[in-house]
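J.: Quick one: structure below, then a few questions.
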Amino acid sequence: MRKEIPLAIAFVTGFVVLLEYFFLPAVPASKAWATMLQQWGIVVSGFAMFVAATNLVLVNVKKMDPKRNKEWYNPVLLLVFMFGMAFIGLFVGERTATYQFLFTKMYQPLGTAMFALMVFFIASAAQRAFRAKSVEAALLLAAGIIVMLGRAPVGELAGSWLPNLTNWIMNFPNVAGNRAIMMGAALGATATAFRALVGIDRSYLGVD
Amino acid sequence: MITAGKQFVFMFFAFMIVVLLYRMDRAKKGNLPWIRRIAGLQAIDEAVGRATELGTPVFYVPGRTEINTSGAAQTMAGLEILGHVAGLTAKYDTELITAIAAPNVQPVAEEIVRQAYVAAGKAEALKPEMVQFLSNEQFAFAAACLAIMNREHPGAAIMVGEFQAETMMLVEAAAQTGAITICGTSRAIQIPFFVAAADYTLIGEEMFAGGAYLTRDPNKLGSIAALDVGKVLGTLIILIGAITMTAGNKSFLNFIKK
């Protein structure tokens with residue numbers, strides 16, 4: 001029963017959502033059923049957050065021992081801020097100045113700073129990737145240079161051929177490659193979903 | 001009876017289901033399809049072996065998407081490969097760190113890793129640290145992954161699933177710590193980042209073939225063979241559409257729009 005009940009739930013849920021997607025005019029009630037199941041999904045995800053938060057606490061409490069972890073203060077900070085934000089959000093209120101301060105003056109700038117770091121990672125990866133060590137790498141390098149120059153205002157100084165070549169690369173080889181990948185990925189996703197729906201693929205239950 | 005605008009999609013979907021069932025049935029009867037060598041999947045054993053030799057952990061990320069969203073298939077593909085990786089780390093007594101961003105993936109990943117360790121007879125080696133929930137916020141998750149990679153210096157970093165803007169950070173940080181990087185996604189916009197920075201990249205459908213390729217399960221192998229039929233059909237539709245539209249005939253376009 002440990003396997004059968006989740007498989008039955010997955011089948012019924014998938015079937016109802018497909019019914020609503022394809023046969024809404026024939027089965028108008030399917031919209032309400034699908035909406036209800038999606039709402040249940042949100043509730044289940046809410047409970048999953050407790051499971052995930054429990055794991056986070058368990059892992060980090062173990063790391064708080066100064067004898068075993070030189071950076072013991074990091075998990076302490078994590079848990080203080082995690083429980084602090086949760087407490088303020090739940091009992092003081094999300095609209096209060098304290099919560100807004102923590103969110104807009106601490107959380108958001110930290111996220112933005114992380115995003116800004118991306119430029120260094122891109123530069124470092126580009127330095128490794130754009131080495132003409134093989135024919136494929138040389139093609140990547142050439143295409144990268146053309147597209148970067150063609151997209152920059154300085155590219156127009158070389159004449160209209162560079163932006164035109166850039167547009168050709170973006171509109172033809174790039175789109176063709178993207179569509180091939182998308183078609184393969186969509187079919188792969190369909191097959192994975194179908195296997196899960198009919199219970200052939202049980203990897204999401206931890207069994208195979 | 002069928003919703004307007006979805007009739008052709010339904011026909012294609014129904015056809016694919018029939019082909020899937022047929023090819024899976026054939027595979028079960030012993031007609032296993034041939035699958036070309038996929039370097040990224042082939043490299044998983046080598047990457048785990050390298051981490052074992054170095055005495056460093058294997059770092060795994062099964063994407064950042066929840067299991068009940070449109071990216072669920074990618075997450076499931078990532079979890080399938082996680083099962084294989086966990087089996088290897090259990091076999092070789094290598095440390096495994098799985099970073100989770102989606103709360104509802106946490107229990108699933110925990111169960112997959114637990115099953116792999118139990119199957120390998122290493123249940124006593126299981127620890128909560130093997131599957132860690134980090135954060136469901138994009139850059140908080142990326143920061144936590146970067147911190148783990150910089151602290152633990154994994155010998156192998158495997159990231160298969162749906163990723164967004166954090167892609168480049170994760171794979172480049174892993175490369176900088178000296179890990180073999182094996183990455184896969186079917187999000188076309190993120191694939192170039194993986195191609196540029198990772199040692200091996202599973203592009204699009206290759207990640208969905210992972211489970212079949214690694215487990216040699218007849219059902220899964222059969223479904224991979226069915227995808228080729230779908231691709232041929234899809235290519236034919238594109239060709240017919242291109243020819244008829246070039247000739248100024250919209251009848252085929254109107255047919256597929258039904």
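The values are calculated or read from the model by the stated rules, or taken from the named source; none is laboratory data. This is a predicted model, so every value here is computed, not measured. Note that each Cβ is placed from the backbone with ideal geometry, even for glycine, and that neighbours are counted across all protein chains shown.
J.: Does segment B:28-46 contain any residue that is in a helix (DSSP H, G or I), under 20 Å from B:A144 (Cβ atoms) and modelled with pLDDT of 90 or more?
T.: No, the conditions are met nowhere in segment B:28-46.
J.: Filter segment A:22-59 down to residues that are within 7 Å of another protein chain (Cβ to nearest Cβ), under 23 Å from B:F10 (Cβ atoms) and surrounded by 14 or more Cβ atoms within 10 Å (Cβ to Cβ), then give me how many there are.
T.: Residues flagged as within 7 Å of another protein chain (Cβ to nearest Cβ), under 23 Å from B:F10 (Cβ atoms) and surrounded by 14 or more Cβ atoms within 10 Å (Cβ to Cβ) within segment A:22-59 amount to 3.
Conditions tested, residue by residue: (1) part of a loop (DSSP other than H, G, I, E, B); (2) free of Cβ contacts under 8 Å to residues at least 40 places away in the same chain; (3) facing chain A (nearest Cβ under 9 Å).
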| residue | (1), (2), (3) |
| --- | --- |
| B:T65 | yes, no, no |
| B:T69 | yes, yes, no |
| B:H84 | no, no, no |
| B:A99 | no, no, no |
| B:V105 | no, no, yes |
| B:A109 | no, no, yes |
| B:V113 | no, yes, yes |
| B:G121 | yes, yes, no |
| B:E124 | no, yes, no |
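J.: Here is a further query. So which residues in segment B:191-209 are at pLDDT below 90 and outside any helix (DSSP H, G or I), if there are any at all?
T.: B:G204, B:A209
J.: From the list B:A140, B:A147, B:A173, exactly one residue is touching a Phe, Trp or Tyr at 6+ places or on another chain (Cβ under 8 Å), outside any strand (DSSP E or B), assigned by TED's automatic domain parsing to the domain that holds B:Y60 and hydrophobic (A, V, I, L, M, F, W, C). Which is it?
T.: B:A173
J.: Every residue in segment A:84-118 that is outside any loop (DSSP other than H, G, I, E, B), polar (S, T, N, Q) and more than 13 Å from B:F139 (Cα to Cα), please.
T.: Correct list: A:T98, A:Q100, A:T104.
J.: If you take the residues in segment B:170-182 that are more than 12 Å from chain A (Cβ to nearest Cβ) and within 20 Å of the chain's Cα centre (by Cα), which one is farthest from B:T201 (Cα to Cα)?
T.: B:A179
J.: Spot the failing condition for A:M183; the list is (1) part of a helix (DSSP H, G or I); (2) over 30 Å from B:Y200 (Cα atoms), and only one is missed.
T.: So A:M183 meets the others, but not (2).
J.: Another question, then. Among the numbered criteria (1) in contact (Cβ under 8 Å) with a residue 40 or more places away in the chain; (2) more than 10 Å from chain A (Cβ to nearest Cβ); (3) more than 29 Å from B:F13 (Cα to Cα), which single criterion is violated by B:F163?
T.: (3)
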